[in-house]
Amino acid sequence: MTSTGLFLTFEGIDGSGKSSQARLLADHLRGMGHDVVLTREPGGSAGAEEIRRLVLEGDPDRWSAETEILLFTAARRDHLERTIEPALAAGKVVICDRFADSTRMYQGLSRGDLRGLVDQLHNLMIGREPDLTLLIDMDPQTGLNRAKGRQGTEERFEDFGLDLQLKMRAGFLALADEFSERFRVIDGNRDMDSVASDVTDIVKQALR
Ligand SMILES: Nc1ncnc2c1ncn2[C@@H]1O[C@H](COP(=O)(O)OP(=O)(O)OP(=O)(O)O)[C@@H](O)[C@H]1O
Ligand SMILES: [Mg+2]
């Protein structure tokens, strides 16, 4: 492994299996002897976890679309400074459950066309892309059913329904074309082990 580590992200619509696959991959790589940091967005550092509560809990109209983009970007900046960059500098593998691509999709597309604003802020304040992004592609209705099986307080975005899921799925696939060098699309409409086996094959290649 190089001294600059490897920065991996999981992306995909709600319920596509990102968190499950991120955990399985972390376990697998640790079993191979890699030093792994498993993290998530929004969150992943103390300050960013505080911002997570601000963006995921409460009334759906709590923030304007623009304020929300600022909050996500602030959380990401803290996460990058405190968690991701130090780990990469130490040569670790960083596995992040959602990153800037989720903001490009959800904050960029769900309430008007704000993708340009998301990208401008990203270039100004983040300026870093993952080395490899694993997009778990799947049928939006199945994803919605899976996601609804979970109960919790982080429900600000959870009532947007099938239309949004369809739009996000198409948007993620378009993003995979736009950033084809770092994206790999994985068929998530299969059992967890089959998906995990594709994930580990792709990541092992990247680690070589
Ligand atoms: N391949 C699979 N087959 C069947 N069920 C799955 C599969 N992958 C994940 N699940 C289940 O679906 C639910 C959602 O999975 P998970 O939390 O990993 O998705 P997610 O993409 O992280 O969702 P979210 O975007 O809401 O965080 C969980 O209950 C999980 O156990
Ligand atoms: Mg998840």
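Of all residues in region 14-38, which are of a type in the set (D, E, K, R) and more than 16 Å from ligand 1 (Cβ to nearest atom)?
Step one: list which residues in region 14-38 are of a type in the set (D, E, K, R), which gives 14, 18, 23, 27, 30, 35.
Those that are of a type in the set (D, E, K, R) and more than 16 Å from ligand 1 (Cβ to nearest atom): Arg30, Asp35.
Which one is nearest to the chain's Cα centre (by Cα), of the residues in region 105-155 that are under 17 Å from Ala65 (Cα atoms) and open to solvent by 60 Å² or more (accessible area, probe 1.4 Å)?
The residue in question is Glu155.
Among the residues of region 1-33, count how many are over 21 Å from Arg128 (Cβ atoms), part of a loop (DSSP other than H, G, I, E, B) and in contact (Cβ under 8 Å) with a residue 24 or more places away in the chain.
Total meeting the criteria: 5.
Before we move on, is Glu129 at pLDDT 95 or above, more than 16 Å from ligand 1 (Cβ to nearest atom) and outside any helix (DSSP H, G or I)?
In short, yes.
Residues checked against (1) hydroxyl-bearing (Ser, Thr, Tyr); (2) under 25 Å from Lys204 (Cα atoms); (3) away from ligand 1 (no atom under 16 Å from the Cβ):
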residue	(1), (2), (3)
Gly12	no, yes, no
Arg40	no, yes, no
Leu56	no, no, no
Trp63	no, no, yes
Glu66	no, no, yes
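Can you pull out every residue in region 34-52 that is charged (D, E, K, R), open to solvent by 30 Å² or more (accessible area, probe 1.4 Å) and part of a helix (DSSP H, G or I)?
Hits for region 34-52 are Glu49, Glu50.
Take the residues in region 156-208 that are open to solvent by 70 Å² or more (accessible area, probe 1.4 Å), at pLDDT below 95 and not in a helix (DSSP H, G or I), then tell me which one is nearest to ligand 1 (Cβ to nearest atom).
Glu158
The values are calculated or read from the model by the stated rules, or taken from the named source; none is laboratory data. Because the structure is predicted, anything quoted here is derived from the model rather than measured. Note that each Cβ is placed from the backbone with ideal geometry, even for glycine, and that neighbours are counted across all protein chains shown. Accessible surface is based on the protein model in full, side chains and every heavy atom, while ligands, DNA and RNA are left aside. Shrake-Rupley method; radii C 1.70, N 1.55, O 1.52, S 1.80 Å.
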